1. What are the ³J(HN,Hα) values, in whole Hz, obtained from phi via the Karplus relation 6.51 cos²θ - 1.76 cosθ + 1.60 with θ = phi - 60°, for each residue of region 221-229 in sequence order, with x given for Gly and Pro?
2. Using a ≥ b ≥ c from the Cα gyration tensor of region 254-341 (square roots of the eigenvalues), is it rounded, prolate or oblate, where a/c under 1.5 gives rounded and otherwise the larger of a/b and b/c decides, a/b for prolate?
3. Checking the cross-link filter: which aspartates and glutamates have an alpha carbon closer than 19 Å to that of LYS49, excluding same-chain neighbours under 8 positions apart?
4. With no solvent and one equal point scatterer placed on each C-alpha of region 144-212, evaluate the Debye formula and give log10 I(q)/I(0) for q = 0.21 Å⁻¹, two decimals.
5. According to the square roots a ≥ b ≥ c of the eigenvalues of the Cα gyration tensor, what is the shape class of region 74-164, taking rounded for a/c under 1.5, prolate for a/b larger than b/c otherwise, and oblate for the remainder?
6. Would you mind putting 198-209, 154-165 in packing order, based on average other-beta-carbon counts within 10 Å, highest first?
7. Could you go through region 429-444 in sequence order and give the Karplus-derived ³J(HN,Hα) for each residue, using 6.51 cos²θ - 1.76 cosθ + 1.60 with θ = phi - 60°, rounded to whole Hz, and x for Gly and Pro?
8. Non-local amide H neighbours of LEU247 (under 5 Å, H modeled in plane, Pro and chain starts lacking H): which ones?
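Read the figures in this text as sums done on the coordinates, not as results from a lab. All values derive from a computational prediction rather than experimental measurement. Note: ideal-geometry Cβ built from the backbone for every residue, glycine included; neighbour counts use all protein chains shown.
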Amino acid sequence: MTMRVTQNMIFSTSISNINNALSEVMRLNAQNSAQKKILSPSDDPSGYKQVLDLRAYTSAMEQYEDNIDTANGWLNLADEMLLQASELLTSSKELATQAATGTLTADQRQSLASQARQNLASMISIANTEYVGQSIFAGHKIDDNAYEQILGVTVNDENLSADDIVSVTGDAEYTIYVRTLTAGVVGTDAIDYEYSADGGETWTQATLAAGDTVLDCGTAQLELAAGTNVQANGDTSFYLRPAAVYLGDTNDGINITKSGAAAIEASADGVFSGDITVRIDSGTDINGAVEYSFSLDGGSTWVEGNVTSNAQLPLPGGFLNLTSGAGTAIAAGDQFQITPADADISINVNRYSEVVVNNVGLEIFGGLYDADGDGTATEALPETPEENLFEAMSDLIGYLEVNDTDGIGECIDRIKAAQERLETYAADVGARENRLESQASILTVQKSNATSQISQIEDADLSTLLAELSKAEYIYESVLSSSSKIMSMTLLSYL
C-alpha cells in the first residue's frame, strides 16, 4: 500500500525541517554569545540541577562571609578597646605606686586622685563602647549602656562585709569619709557618727536615731542592714566614692524576682525564650490547687485559666517551681518574674558552628551588680573580688582622696590582678578573631571550588561549540536549499 503525498504535506514537512534546523542554529548561537552550554533545563537537565545546587551552596558561602565580616567588626573593636583598657590599668597602677610612696603629701595624693577619676571615667566609656549603635560589652542588652557611674562604698571594718550594706544613694564630687563615734547595733541603738567631704579636713557630726538604718551624709545616704554592729572611735568607717554598676545581662542561669509571696521560695527549670511574668489568681496553699496566669509581654496580655496541683507551674519552655520558705501560703496577686540570663550573641560562620561576638562586661570589668533584680546594686563580682577592675579603680580614688596610704598600697596588687584577668579575656577575643580568620580562608577555598565546578558544568568549550555551530548552519542551509527545490516541484512543471 502506497501513501499519497500531498502538496500540503510537502509544505508542512519542509517548514518543520527548516524550523528545527533554525532552532538548533539559534540555540548554539545563544550558547556562543553567553559562552555557556547550559542556558535552560532542556540543554542538560542533570547538569542544570547541579548548577542550581552549587549556586545555592555558593550563596550560603557568601552569607557566611558576610557573617564573618560582621563578627570581625564586633571582635576587632572589642580587641582594640581591651588594649586601651589595659593601658588605662597600667596608668592606674603607676598612680597607685607613686601615691604609696611615703614622701608624698595629702595634697599631692589629691592631685593624683584627679587623674584616677579621669581614668575611671575613661574606663566606663570603654566598657560602654558601641558597634553600629550596639553595646559590645552588655551581653544581650545591646540597646543600652553596659555601665553607669554611681556611688559605691569602701568598708573599713574587718567585722563587716558587703552583706551589711543595703544601699548607697545620692551623689558626691569628692569621696565622703564616714566614721562611727559610738558603738551600737544599727536599727536598735542610737549611734553617733561624723562625715567629711574634704578628705578629713573638716567634719560634720550627726546621730543615727534608734530604729533607723540610714546614715545621712549630706549629699549622699548610706543605709546599713538592721542588726549591723559598728564600733566606736572611728574603728568602723566608710568611704563613699564613685563606682560603676553593670546594667547588662549575664550567663548565670535564670533569675526570678518576686512581688509578694514572701513565704515562698521559687525556682525555674527549662529553656525560656524570653521574660515570663506569672500571676497567682487565687489565694491558696502551694500544696493545693493553684490557679495562675502568665504573660509573655510584660503584663500587657495574659494567658489565663491555668491550674496546677503540685506546686509546679507549667509555662512555655519550662516550669516555675514553688517550695516552702517561711511558710506555704500564697495570695492572689502575687507575681513571679522569670528572666532567662543568656547573654551570648552568636553568629553562624559555617553550617555547623557559630562564634560568640559580644562579651559580658561584668566578667571582664567587674563593678557592682544588682544580682537579685531588686533595684539595688551592692554586689561586686562574687567569684573573684580581688580581680574586680572597677572596684579596684574606685577604691583607689577613695583611698587617694582621704589620704589612706595602706589602702593605696593594697590597690597595686588588686589592679595588677584585674589587669591579668582583663588580658585573659582579651586573649579569648583574639582566639575568636583567629577562628574567624581561619574560617574565612576555608570559605574562600570552598567558594572557589564551587565556582570552578559550576564553570566545568555550564561553560562551553569554544572550539567544540564553533564546530557544532558551523555544522548546524550548514544543515540549515542544506535544508533551505533542498526544501526550496522540493516545494517548487509540481505536476504542472512537467506538462
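1. Each residue's phi maps through the Karplus curve to give 10, 10, 9, 9, 5, 4, x, 5, 8 Hz.
2. On the way: a/c = 1.57, a/b = 1.33, b/c = 1.18.
Prolate.
3. GLU458, ASP459
4. Relative scattering, expressed as log10 I(q)/I(0), comes to -1.11.
5. Oblate.
6. Details: 198-209: 14.1, 154-165: 15.6.
The packing order, highest mean first, is 154-165, 198-209.
7. Karplus-based 3J(HN,Hα) across region 429-444 equals 4, x, 5, 5, 5, 4, 5, 5, 4, 5, 5, 5, 5, 4, 5, 4 Hz.
8. TYR147, GLU148
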